[in-house]
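> Got a structure here, written out as structure tokens. Questions coming.
Just so you know, all these numbers are worked out from the coordinates, no wet-lab data involved. Everything quoted here is computed from the prediction, not taken from an experiment. Ideal geometry is used to build each Cβ from the backbone, glycine not excepted, and the neighbour counts take in all protein chains shown.
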Amino acid sequence: MKFPKKSLGQNFLIDKNIIKKIVSLISIKDKNVVEIGPGKGALTEEILKKKPKSLTLIEKDNEFSEKLKIRFSGDKSIKIINEDILNFNLEREMKSNSIIFGNLPYNISSQILIKILRFNKWPPNFHNVVFMFQKELGEKIAGKFKTKDYGRISIISSYRLKIIKKFLISPNCFFPKHKINSIILHFKPKDNILFKIKKITNLEKITNLFFSNKRKMINKSLKKIFTDKEIKSIPSLKENLRPTEVDPETYYKITEIFERK
């Protein structure tokens, strides 16, 4: 039996009912599916039962990758890629009408989400993403304005994605057993985005600037990048607000103005 590697953040989901529940969230039949970090293939097996058009598995662990190749060698619809997802060009691999699944390593889960948000083509080739996160991070990703979970990651994520919280998963559903709860989030790309930000990395820069001084008023951060005239051109913006008191739309507008400079 192969034990999980802590260095790769491996924890195996072993509860079959939860696995079925995750895969049943979306219609998979005749769709192109990508699974990030399939590990031993527990989720993979359930996806295949739903008869996808194609299935691409991206697995960093060499041993798991080889075992998956042997296990599914007779199925021409399956492609196995032995790569680190953070270094892999996922966008280039995406086929039209795709679905992405991932029981993500918690140590890099936010980086994987950001990687998807940075896709150059938008709307992208995927139409659904189902990811598992540590509960605390998942709540922050889905955090609404004026709630305790609202912040950088929710502002950036909600610019391009509709975020739907699905269900919690107990630590008992994993081997080795987690010390924390997990959460499933379902993402759908937004087709019509009101604000036209050229590069999502600029939204990352703006939110980083403001939230690096989370408890201080935003006036100093604003003056680092804008003239007084530019600041006054931002509708309904009050300089005495703190970063968490500024709504997402205002951050998107700030980023638009920043990109014009």
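> Please report the antiparallel percentage of DSSP beta bridges with both residues in the chain, rounded to the nearest 5.
Approximately 45 percent, going by the DSSP bridge assignments.
> Considering only the stretch 73-189, what is the antiparallel percent among its DSSP beta bridges, to the nearest 5?
Of those bridges, close to 70 percent are antiparallel.
> Name the long-range amide H neighbours of K95: under 5 Å, sequence gap of 5 or more, or other chain; modelled H, no Pro or chain starts.
It is none; the list stays empty.
> Considering the chain as a Gaussian network with a 10 Å cut-off on Cα pairs, which listed residue, R160, R92, R118, attains the greatest mean-square fluctuation?
Result: R92 has the largest fluctuation of those listed.
> OK, next. Against the longest principal axis of the chain, how steep is helix 200-211, in degrees 0 to 90 to the nearest 10, with axes from Cα atoms?
Tilt of helix 200-211: around 60 degrees.
> Turning to a different aspect of this structure: For V34, what residues show an amide H to amide H distance below 5 Å, using hydrogens built from the backbone and excluding near sequence neighbours?
Residues meeting the amide H criterion: T56, I99, I100, F101.
> Under the classification rounded if a/c is under 1.5, otherwise prolate if a/b is larger than b/c and oblate if not, where does the stretch 200-260 fall, given a ≥ b ≥ c as square roots of the Cα gyration tensor eigenvalues?
The shape class here is rounded.
> I've got another one for you. With each run of n ≥ 4 DSSP H residues scored as -39500 (n - 2.57), what mean residue ellipticity at 222 nm is computed for the chain after dividing by its residue count and rounding to the nearest 500 deg cm²/dmol?
Helix contribution divided over all residues of the chain: -9500 deg cm²/dmol.
> Distance from the Cα centre of the stretch 32-87 to that of the stretch 225-261, in angstrom?
44
> Mind listing the phi-derived Karplus ³J(HN,Hα) values for the stretch 233-249, rounded to whole Hz, using 6.51, -1.76 and 1.60 with θ = phi - 60°, and x for any glycine or proline?
Per residue, the Karplus-derived 3J(HN,Hα) values read 7, 8, x, 6, 8, 10, 6, 8, 7, 9, x, 6, 9, 9, 6, x, 4 Hz.
> Go ahead and collect, in residue order, the members of the stretch 153-169 whose backbone nitrogen is under 19 Å from a label point 7 Å along the Cα-Cβ direction of T244.
Only 153-158 pass the distance filter.
> Once phi is turned into ³J(HN,Hα) by the Karplus curve 6.51 cos²θ - 1.76 cosθ + 1.60 with θ = phi - 60°, what whole-Hz value does each residue of the stretch 23-35 show in order, with x for glycine and proline?
Going residue by residue, I get 5, 7, 5, 9, 6, 9, 3, 6, 9, 8, 10, 10, 10 Hz, with x marking Gly and Pro.
> Now, a different point. How far apart, in nm, are the 7 Å Cα→Cβ label points at I14 and I193?
Computed distance between label sites I14 and I193 equals 4.1 nm.
> Got a sec to turn the phi values of the stretch 61-78 into Karplus ³J(HN,Hα) couplings, 6.51 cos²θ - 1.76 cosθ + 1.60 with θ = phi - 60°, whole Hz, x for Gly and Pro?
Once rounded to whole Hz, the list reads 5, 4, 5, 4, 4, 5, 5, 5, 5, 5, 4, 10, 4, x, 9, 6, 7, 9.
> What's the whole-number percent of alpha carbon pairs in the chain lying beyond 25 angstrom?
Values: 16327 of 33930 pairs.
Every Cα pair in the chain considered, those over 25 Å come to 48 percent.
> Want the number for K76 to T147: 0.36 nm per residue separation, take away the alpha-carbon distance, what's left? Can you show the working numbers first?
Working: separation 71, 0.36 × 71 = 25.56 nm, distance 4.75 nm.
Residue separation times 0.36 nm, minus the Cα-Cα distance, leaves 20.8 nm.
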